[in-house]
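Working notes, structure below.
No lab work stands behind these numbers, since they all come straight from the coordinates. It should be emphasised that the depicted structure is a prediction, and the values quoted were computed from it without experimental measurement. As a convention, Cβ positions derive from the backbone with ideal geometry for all residues, glycine included, and neighbour counts pool all protein chains shown.
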């Protein structure tokens, strides 16, 4: 069952599931973020990793940290055409054991050719979300720091999992920075 705004607000306050937490929907002259009817619109931080121009092959089985340049922006990151950057959320998430999430990029960006890929947050995963932000357009596209980037939906499970992400000591547990692929 998808959890509603009342449940999200309760969990954010009682269990510190989302920090910092915006209990309403903020949108004046911004790409919206905060609590929605059945989810939460996450914000994009001002930290990014941009792929270096001389990369010949990406291999998820090899360390990729040296393939990216870390940058911090004031207002926005301009993504070149047909490129991918990594970003992270402003919010730190702590997912309860009886919840799993799915997330989708915001339609405002998808209408500009920007696609945000986010894997599900498993039960008892916590951390800042590393986002893969792809520009499929033929022109550069700006993504705005401190504004909405994607919406996460919280799904209640009918049975608690036997082994959570925390139990198995998942490799992306409690990540604080933009994290490249790990094996």
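Could you let me know the centre-to-centre spacing of segment 67-95 and segment 133-183, using Cα atoms, in angstrom? That distance is 12 Å.
Spin-label pair residue 176-residue 23: with each label point 7 Å from Cα along the Cα-Cβ axis, the two points sit 2.9 nm from one another.
If you average 1/r across every pair of different Cα atoms in segment 136-183 and take the reciprocal, what Kirkwood value do you get, in Å? Before the final figure, lay out each step's value.
On the way: mean 1/r = 0.0656 Å⁻¹.
It is 15.2 Å.
Ellipticity at 222 nm from helices only: DSSP H runs of n ≥ 4 in the chain, each -39500 (n - 2.57), divided by the residue count, give -2000 deg cm²/dmol. Cα axis of helix 5-14 to longest principal axis of the chain: angle in degrees, 0 to 90, nearest 10? In the chain, helix 5-14 runs at an angle near 90 degrees to the longest axis. Overall size of segment 1-44 from C-alpha positions, given as principal axis extents largest first: 30, 21, 15 Å.
Sorting the Cα pairs of segment 41-118 by distance into bins of 10 Å, from 0 upward, gives 14, 42, 34, 10, 0 percent per bin.
Using only the Cα atoms of segment 33-81, build the gyration tensor, take square roots of its eigenvalues as a ≥ b ≥ c, and label the shape rounded, prolate or oblate: rounded if a/c is under 1.5, else prolate if a/b is larger than b/c, else oblate. Taking the square roots of the gyration eigenvalues as a ≥ b ≥ c, segment 33-81 is prolate.
For 29, 77, the sequence from fewest to most other C-beta atoms within 10 Å is 29, 77.
Here the chain is treated as a Stokes sphere of Kirkwood radius computed over C-alpha pairs; at 25 °C and 0.890 mPa s its diffusion coefficient rounds to 144 µm²/s.
Across all Cα pairs in segment 1-89, the calculated P(r) in 10 Å bins from zero up to the longest distance comes to 14, 33, 25, 23, 4 percent per bin. Calculated on the alpha-carbon coordinates, the convex hull of segment 98-183 measures out at 113 cubic angstrom per residue. Ordering 129, 141 by the number of other Cβ atoms within 10 Å of each residue's own Cβ, fewest first, gives 141, 129.
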